[in-house]
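These notes concern the structure reproduced below.
The values are calculated or read from the model by the stated rules, or taken from the named source; none is laboratory data. Everything quoted here is computed from the prediction, not taken from an experiment. Heads up, the Cβs are rebuilt from the backbone with ideal geometry, glycines too, and the neighbour counts pull from every protein chain shown.
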Amino acid sequence: MAGKLVQVATETVTSAVASVTLTGIDSDDVYMVAFNNLEVQTDARSVGFRVTTSGTADTSSNYDESYKALISNGTFGNGAFQNQNIFIYSLGDSLGTAGQEKANGIVYLYNFNNASEYSFASFETSQINSGATHRGNAGGGVHTVAQSCDGISIVEGSGGNILGGTFTLYRVV
């Protein structure tokens, strides 16, 4: 049956952690990460992810990302970043510390297991940010290294902590 999700890994954060790592990518299938109630410990921070190889995050400056932001106060924005060390705005942008300031979303992962291809990601998020504004980001990125990746490491972009959330990696079959 096509379109079925098989859970590979899940992590629920209930106290401050520096990162959340989800591994288990071991086939050329498309993988999906669903997350909800993502919170950060420090106000006005962005949350993104890095690819992992053998469970270790790749911190090289080989991440290119772009997105469209739809913002409830009537404005919209565009973002494009090259040669970063993280997909910085892929999971949350300017999240805050108030109780309602959380992010939810879905990320699709492509070519992660293929050592001959670049790894690609697309993402869609919905959040209330530090300005108490509802925001939706849609975009994608490419990790410009041909290597086999086994997962992702989710981090707050400025090195702070993730305070809460549930993160689940699925294989799409």
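Summary table below
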{"item": "Members of the stretch 129-162 found to be surrounded by fewer than 20 Cβ atoms within 10 Å (Cβ to Cβ) and of a type in the set (A, V, I, L, M, F, W, C), listed by number", "result": "A132, A138, V142, V145, A146"}
{"item": "Subset of the stretch 147-158 (residues that are in a strand (DSSP E or B) and within 19 Å of T10 (Cβ to Cβ))", "result": "G151, I152, S153, I154, V155"}
{"item": "The stretch 95-114 residues that are under 18 Å from I154 (Cα atoms), paired with ones that are aliphatic (A, V, I, L, M) and part of a loop (DSSP other than H, G, I, E, B) (beta carbon under 6 Å, 6 or more apart)", "result": "F112/I25"}
{"item": "Condition check for F87: touching a Lys or Arg at 6+ places or on another chain (Cβ under 9 Å), buried (at least 20 other Cβ atoms within 10 Å of the Cβ), of a type in the set (F, W, Y) and within 20 Å of L22 (Cα to Cα)", "result": "yes"}
{"item": "Qualifying residue in the stretch 64-81 (condition: touching an Asp or Glu at 6+ places or on another chain (Cβ under 7 Å) and either among the acidic types (D, E) or under 23 Å from E11 (Cβ atoms) (or both))", "result": "no"}
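Okay, residues lined up against (1) over 13 Å from the mean Cα position of the chain (by Cα); (2) surrounded by 15 or more Cβ atoms within 10 Å (Cβ to Cβ); (3) modelled with pLDDT under 95:
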site: E11; (1), (2), (3): yes, yes, no
site: T21; (1), (2), (3): no, yes, no
site: I25; (1), (2), (3): yes, yes, no
site: Y31; (1), (2), (3): no, yes, no
site: D43; (1), (2), (3): yes, no, yes
site: V47; (1), (2), (3): no, yes, no
site: S54; (1), (2), (3): yes, no, no
site: E65; (1), (2), (3): no, yes, no
